[in-house]
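Right, one structure below, let's go through it.
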Amino acid sequence: MIPLLIVLLLALILFGAGFALQALWWIAVVVLVVWALGFVLRSAGSGGRRARWYRW
């Protein structure tokens, strides 16, 4: 009975990790798209120079 519970627990952990990693990949893709759009759509600053859209 204990080996069966260990296998089920391991399957549950791996399923949860797979779902979390899949969600993290989608979040990373969304952040990358927003970051890239920030460079394309940034507004012009004073003197005609393009201002940075981030503070660092």
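Across the range 2-42, Cα-Cα pairs farther apart than 15 Å form 60% of the total. The gain in end-to-end length when the Ile13 to Val40 segment is fully stretched comes to 5.6 nm, 0.36 nm per residue minus the alpha carbon separation.
A Förster distance of 30 Å, applied to the separation of the beta-carbon atoms of Met1 and Trp25, puts the FRET efficiency at 0.25.
Each value in this text was obtained by applying a stated rule to the coordinates, not by laboratory testing. These numbers come from a predicted model, not from an experiment. Using ideal geometry, Cβ is built from the backbone for each residue, glycine included, and neighbour counts are taken over all protein chains shown.
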